[in-house]
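The values are calculated or read from the model by the stated rules, or taken from the named source; none is laboratory data. Since this is a predicted model, take the numbers as computed values, not measurements. Cβ sites come from the backbone with ideal geometry, for glycine too, and all protein chains shown count toward neighbours.
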Amino acid sequence: MSTVEASPAQGWVPEIQSSEIFVDEEGEWYSDGVAISREDLVQFFLEHVDELPDGSHVIAWQGNRCALRAADTPFVVSRVDSVEGPVPGARKILLKLRHLPLPVALDPRTLCSASSNVL
């Protein structure tokens, strides 16, 4: 991968390096067609995924960007919980994402419907 750092002052970002990293519809990760079995590696990738304006994804780390192909999305929800929020009577929705150990809070403002009515 390229070691060129992004420079906001110059207005350029590093090119996206090609890769054979792929996430299938069930959230299983592959590299060169072989399942990635190291859970810590998948977690690391998930923590560094960025979505580009065109809807594609990259793994971004230390100024490098590596292409990531996903059949749908790299983030697969395995569980949804409604819990008491910080204000009595207010509920908070927590999502358990496949391959990540801790749940994340859902921000309803981030929801949008795809062409097949999938959120």
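Considering each of Val104, Val49, Val76 in turn, give the residue that is in contact with a His (Cβ under 6 Å, 6 or more places away or on another chain) and under 30 Å from Gln17 (Cβ atoms). Checking each option against the conditions leaves just Val49. Taking the stretch 40-57 as the range and being over 19 Å from Val104 (Cα atoms) and either touching a strand residue (DSSP E or B) at 6+ places or on another chain (Cβ under 7 Å) or among the polar types (S, T, N, Q) (or both) as the test, the residues that pass are Leu52, Ser56, His57. Within the stretch 1-50, the residues that satisfy the criterion of being surrounded by 14 or more Cβ atoms within 10 Å (Cβ to Cβ), modelled with pLDDT of 90 or more and part of a strand (DSSP E or B) are Ile21, Phe22, Val23, Trp29, Tyr30, Val49.
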